[in-house]
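What follows is a short report on a single structure.
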Amino acid sequence: MPKTFNTPAGQTIARELMIAYLNTGAKESPVWSPFGKRTTDSSIDYDWGEETSKDILGNTFTTMKKPTMTQTFDPWDLDGGDAAQQKIYELAVIDQDAQALTNQDVMIAHFYSGSTTAAFAERYLSCMVKPTSLGGEGGGNLGMPVDVTYGGERIKGTVSKGSDGAVTFSDGGASGASLEDEI
């Protein structure tokens, strides 16, 4: 696993170096399209499901579970050149296909972590991608805010970006054991 950031010491890391991508192609031959074009603020929330209790001696103990990760893209103004948005619009508004919306292939690229040519990435094969509304203020832009809940199998790997801007995910193996050598 990556042990350090790939940015200069003392320099903050640009938000643009963490990007969520929706697979707008097929599982076997993914086409990674970025989420959030025109979204000004978006963060991944981690819910660790912590529980705190006291034993009969008065000692306090806390437990946690693996996190449930969610991310909101709001506002997300409609743009005819946004492939991720086009796919979600078709599934949600045109088809109202709830089953497909809860089974989306999404990758989080951490371009600041690992090497600059093979950054850390995590792929989730069964994410829920849920539009929360469609509309906007009169005289403004038509928007479709979206909530993403990362789910299904988590595959750790690396991500690289070609000179044409195309993004490629490489699986780090079933256990992710070989990932350290790649990063």
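The values are calculated or read from the model by the stated rules, or taken from the named source; none is laboratory data. Worth saying up front: this structure is predicted, and the values here are computed from it rather than measured. Quick reminder, even Gly has a Cβ in these numbers, built from the backbone with ideal geometry, and neighbours come from all protein chains shown. The area values use the complete protein model at the heavy-atom level, side chains included, leaving out ligands, DNA and RNA. Shrake-Rupley method; radii C 1.70, N 1.55, O 1.52, S 1.80 Å.
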Legend entry - Computed FRET value (nearest 0.05) for T12 with D55, which takes r as the C-beta separation and R₀ as 35 Å: 0.25
Legend entry - Cα-centred dipole magnitude for the range 7-125, charges only on beta-carbon of K, R (+1) and D, E (-1), debye, nearest 20: 340
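Pop out the Kirkwood hydrodynamic radius of the chain from its pairwise C-alpha distances, inverse of mean 1/r, in Å to one decimal. Mind showing how you got there, number by number?
Details: mean 1/r = 0.0555 Å⁻¹.
18.0 Å is the Kirkwood radius here.
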Inset, instruction - Between S29 and R154, take the C-beta separation as r, use R0 = 22 Å, and let me know the FRET efficiency to the nearest 0.05. - result: 0.60
Legend entry - Relative contact order, percent, the chain [alpha-carbon distance under 8 Å, six or more residues apart]: 22
Legend entry - Unit charges at the beta carbon, dipole of the chain: most positive-side option, I108, T62, G49: T62
Legend entry - Accessible-area order (highest first, 1.4 angstrom probe) of the listed residues W76, W48: W48, W76
Inset, instruction - Leaving ligands, DNA and RNA out of it, work out the accessible area of R154 with a 1.4 Å probe and give it in Å² to the nearest 10. - result: 120
Legend entry - Highest-first arrangement of 106-116, 32-42, 61-71, where packing means the average Cβ count within 10 Å: 106-116, 32-42, 61-71
Inset, instruction - State the answer as a single residue: which of G165, Y124, V93 lies farthest towards the positive end of the charge dipole of the range 58-183, with beta carbon charges of +1 for Lys and Arg and -1 for Asp and Glu, about the Cα centre. - result: Y124
Legend entry - Relative contact order computed over the range 32-125 (Cα-Cα under 8 Å; 6+ residues apart), in percent: 22
